[in-house]
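Written out below as structure tokens is the structure these notes cover.
What follows draws every value from the coordinates through simple rules; no lab data is involved. All figures in this text were calculated on a predicted structure; none of them were measured in a lab. Using ideal geometry, Cβ is built from the backbone for each residue, glycine included, and neighbour counts are taken over all protein chains shown.
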Amino acid sequence: MEIRPAREDDRLPLAEVFAAVAEERDGIATEPPVDVEARAVSWTLDGTLVAVADGEIVGSIHVDASRHGFGEIGMAVARAWRGRGVGSALLAAAIDDARERGLHKLSLSVFAHNAAGIALYRKYGFVEEGRRVKQYRRQSGELWDAVDMGLLL
């Protein structure tokens, strides 16, 4: 597996992985349907790292750097590649990249039921900074909590 910065020709594969994760309806805020073509066109490549295995993109992480010195993380890993070190590799690379970019902190939100995601973030030093109760209304009508986590660099 290789971790590298996203390139222009990664747009469609990035959007396809994102849409597949959205189809699962439990890991990211976006739910289907996802307009893959529109998502591909609008994808912000700057600050995006991809995980490539067997010539295919199997995950990505994006750090949206603010002008205030912190970055917001968004990550997606294809289901078949979870539990195989992809998330760890992406997160470690994003932390290194954020330090190189001069950021002082990384922040993220994760669904409260996402125990694997929370454990991964804790493994890399992220701490819980708050909880947004019933923050996300799902298409099912359910209201889900979000846990805000941060890492001082």
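With the helix formula -39500 (n - 2.57) applied to DSSP H stretches of n ≥ 4, the chain reaches a computed 222 nm mean residue ellipticity of -9000 deg cm²/dmol.
Note: relative contact order over the stretch 2-152, using C-alpha pairs below 8 Å and six or more positions apart, is 19 percent.
Placing unit charges on C-beta atoms (Lys and Arg positive, Asp and Glu negative, everything else neutral), compute the dipole magnitude of the chain about its Cα centre in debye, rounded to 20.
560 debye
Just flag the trypsin sites (Lys or Arg not before Pro) in the stretch 10-43 sitting in loop per DSSP whose Cβ has no more than 14 other Cβ atoms within 10 Å. List each step's numbers first, then the result.
Working: sites: Arg11, Arg25, Arg39; in loops: Arg25.
Answer in residue order: Arg25.
Both radii were evaluated on the Cα set of the stretch 2-152; the Rg over Rh quotient, with Rh as the Kirkwood radius, amounts to 0.94. Counted as membrane-span-like here are DSSP H helices of the chain whose alpha-carbon atoms extend 15 Å or more along the helix's own axis and whose Kyte-Doolittle mean is 0.5 or above; these are 11-24, 86-100. Figure legend: label point modelled 7 angstrom from the Cα of Arg79 along Cα→Cβ; residues of the stretch 1-23 with amide N under 17 Å from it are 16-23. Exposure proxy for Ile61, Ile73: other Cβ atoms within 10 Å of each Cβ, ordered fewest to most, give Ile73, Ile61. Highest GNM mean-square fluctuation among Gly87, Gly141, Gly27, for the chain modelled with Cα contacts below 10 Å: Gly141. Candidates Gly85, Val34, Gly125 compared by Cα position along the dipole of the chain: farthest toward the positive end lies Gly125, with charges placed on Cβ. Taking a spot 7 Å from the Cα of Leu152 along the direction of its beta carbon, which residues of the stretch 96-110 have an amide N less than 13 Å from it? Output list for this probe position: 104-106.
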